[in-house]
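**Q** One structure is given below, represented as structure tokens, and several questions about it will come after.
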Amino acid sequence: MTEAADSMAPAIAFRTVSKSYGQHQVLFDVSAEIPRGATVAVLGSSGSGKSTLVRCVNRLEDFQGGEIGVGDVRLAPGVATRGARKLNDRQVAKYRTDIGMVFQSFNLFQHLTVLKNLIEAPVGVLGWSKEKAVARARDLLAKVGLPDKEEAYPSRLSGGQQQRIAIARALMMEPSIMLFDEPTSALDPELTGEVLSVVKELALGGRTSLIVTHELTFARDVASHVMVLDHGRLVEFGPAKEIFRAPRSERTRRFFESGGLR
Amino acid sequence: MQRTLTILYEFRDTLLYGLGVTISLSALSMLAALVVGLVAALGMLSRRRWVRAPATFYVEFCRNTPILVQLVWVHYAWPEIFGLKFTAFYSSLVALTLQTSGYLAEEYRGGIEAVDKGQVEAAKSLGMTHARLMARIVLPQAIMRSVPGLLNQFVTCFKSTSIVSVIAVPDLMYQAGLIVSATFLTMPIYTIVAIIYFVVVFAISRSVRWLTRKLPTTGYFGAAA
């Protein structure tokens, strides 16, 4: 494949992805090609399967049908492959280092200080020197506005501060893809702003991002693309501008209305 | 009372020796059980069935057989079953380790399962392998959580040691029996022994309580408190 063609290839390609928990199907044949560098707002009401879809990308969830192409890796039910080769657990772990994830509940390591939360994986997994990791950590802490918290334990911090640290921790790995799973849903309304501005200023630039969110205003502000899921089906996918101006599906229109967008 | 104290003084060396055996036996088996219990707990939580099944069987066996039965079984049956013949002291050590490690494994497992799954997912998303995330993220927190339970098991382990006198390990209980059979001072000697056990166990359990309360003031627990 030529370089030009390669750069045109989607960063993430969902191909008829289906998933169920036992009898309960949560994703139905979801297909979408996410262009490289896109910021995709993944929208939908609770239980629509949007978190599940995003968690499939870094293999926190397996699925039962279809496949997901991420770069040169192909995820299929129960197996991940690169070319003809199956990835073992160690290689799947390695695959995840290029995909940052931010969770609704922050999930900072409670027994480690902020600084250690940030340098744990770069040093232990990527093999960086401690000096390099600490320097980058300090830089990121300054950028997320918490330069004085490196010795603090997570439980001492507000939710908004914890989430900014969690974003910094994901960015430490310099991932080319970022996944945000409702990053502000667990926060008091007055704290969502500080987190969203960190997402916007720091996390999105130059990389491919999927953001599961209920913040429609934020989505309209930052997203280049929008996916709308309804009961596990993709009802809308396309450039954000078009969709926010004129949603194609009735479901999306109602969703925007209930979110106070029009 | 006067007479009891005289007797206590007269047999102090014999009794102290017995107490020494009791303490070293419980301390050694506790140390061994801290390691064996952790390995068993990790085994029970393994994703591989061929690791999980034997580990679970081991823990259930240890927890569901009386210590007296284990002791006699190790001492008299192991020579035939496994060709392992121990002195009475080592048989006791093995039996107490079996029993205690079973309980400790459950304490560890509770601690491991109590670590928030979100942190495990975060560790995975940062590219940590299962082994690394267990070692670096889960176990440090699980062990800290298990400390009160582990310390409490030490009290139980100490009390269980009195059973080893049945295979003639010269612990405190056995020494008392020797003195009784030589002097027929049944009441005072066994009363003294009861008091010694009480004083030691009470001191240990009070220290455990003190330590347990002390724990949450350090590290991230301090922040949580």
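**Q** Which of B:38, B:138, B:173 sits closest to the plus end of the dipole of chain B, meaning its Cα is farthest towards the positive end, when Lys and Arg get +1 and Asp and Glu get -1 on the C-beta?
**A** B:138
**Q** Could you work out the mean count of beta carbons from other protein chains within 10 Å of each residue's beta carbon in A:108-121?
**A** Details: counts 3, 13, 12, 14, 7, 3, 0, 0, 1, 2, 0, 0, 7, 9.
What the average comes to for A:108-121 is 5.
**Q** Could you give the DSSP H helices of chain B that reach 15 angstrom or more along their long axis (alpha carbon positions) and whose average Kyte-Doolittle hydropathy is no lower than 1.6? Can you show the working numbers first?
**A** Working: long enough: B:12-44 (46 Å, 1.62); B:49-63 (21 Å, -0.09); B:88-114 (39 Å, 0.24); B:139-160 (29 Å, 0.51); B:172-183 (16 Å, 1.26); B:186-214 (41 Å, 1.11).
Counting only whole DSSP H runs, the qualifying helices are B:12-44.
**Q** What is the local net charge at residue B:158, summed over the other residues whose Cβ is closer than 14 Å to its Cβ (Lys, Arg +1; Asp, Glu -1)?
**A** Values: positive: B:159, B:206; negative: B:171.
Neighbourhood net charge equals +1.
**Q** Run the helix sum for chain A: -39,500 (n - 2.57) per DSSP H stretch of 4+ residues, divided by residue count, reported at 222 nm to the nearest 500 deg cm²/dmol. Write down the numbers at each step before the final one.
**A** On the way: 10 runs with 93 residues, N = 262.
Computed mean residue ellipticity for chain A: -10000 deg cm²/dmol.
**Q** Follow-up. Out of B:93, B:128, B:185, whose Cα points farthest toward the positive end of the dipole of segment B:2-224 (charges: +1 Lys, Arg; -1 Asp, Glu; placed on Cβ)?
**A** B:128
**Q** Hey, another quick one. Average the reciprocal distances over every distinct pair of alpha-carbons in segment A:60-215, invert the result, and give the Kirkwood radius in Å. Could you put the intermediate results ahead of the total?
**A** On the way: mean 1/r = 0.0608 Å⁻¹.
Mean inverse Cα-Cα distance, inverted, gives 16.4 Å.
**Q** Running a GNM on chain A with Cα contacts under 10 Å, which residue among A:217, A:208, A:97 ends up with the highest mean-square fluctuation?
**A** A:217
**Q** If you don't mind, another one. For the protein assembly as shown, with only Lys/Arg (+1) and Asp/Glu (-1) charged at the beta-carbon, what is the dipole magnitude about the Cα centre, in debye rounded to 20?
**A** On the way: 53 positive and 40 negative charges, 60 e Å.
The calculated dipole for the protein assembly as shown is roughly 280 debye.
**Q** With a 10 Å cut-off between alpha carbons and a GNM built on chain B, which of B:158, B:202, B:82 moves the most?
**A** Ranking B:158, B:202, B:82 by mean-square fluctuation puts B:82 first.
**Q** Using a 7 Å offset from the Cα along the Cα-to-Cβ direction at both residue A:190 and residue B:186, what is the distance between the two label points in nm, to one decimal?
**A** Computed distance between label sites residue A:190 and residue B:186 equals 7.7 nm.
**Q** Quick one: of A:116/B:117; A:94/A:241; A:132/B:117, which pairs are farther than 24 Å apart, Cα to Cα? Can you show the working numbers first?
**A** Numbers: A:116/B:117 19 Å; A:94/A:241 35 Å; A:132/B:117 29 Å.
The answer is A:94/A:241; A:132/B:117.
**Q** Next question, about the same structure. Could you give the distance between the Cα centres of segment B:1-53 and segment B:138-216, to the whole Å?
**A** That distance is 8 Å.
**Q** Here is a follow-up. Treating only the Cβ atoms of Lys and Arg (+1) and Asp and Glu (-1) as charged, compute the dipole magnitude of segment A:120-197 about its Cα centre; round to the nearest 20 debye. Each step should come with its number before you reach the end.
**A** Working: 9 positive and 12 negative charges, 62 e Å.
In total the dipole reaches around 300 debye.
**Q** For residue A:50, go through the lysines and keep the ones whose alpha-carbon is under 16 Å away, minus same-chain ones fewer than eight residues off.
**A** Straight-line reach from residue A:50, under 16 Å: A:19.
**Q** Give the Kirkwood hydrodynamic radius (Å, one decimal) of the protein assembly as shown, defined as one over the mean of 1/r across all pairs of different Cα atoms. Walk me through the numbers before you get to the answer.
**A** Details: mean 1/r = 0.0377 Å⁻¹.
Answer for the protein assembly as shown: a Kirkwood hydrodynamic radius of 26.6 Å.
**Q** In addition: Need the list of lysines near residue B:159 for cross-linking: C-alpha distance under 18 angstrom, and skip anything on the same chain fewer than eight residues off.
**A** Answer for residue B:159, where 18 Å is the Cα cut-off: none of the lysines qualify.
Only the coordinates and a few stated rules stand behind these numbers; no lab work does. Everything numeric here is computed off the predicted structure, so don't read it as measured data. All Cβ positions, even for glycine, are placed from backbone atoms using ideal geometry, and neighbour counts span all protein chains on display.
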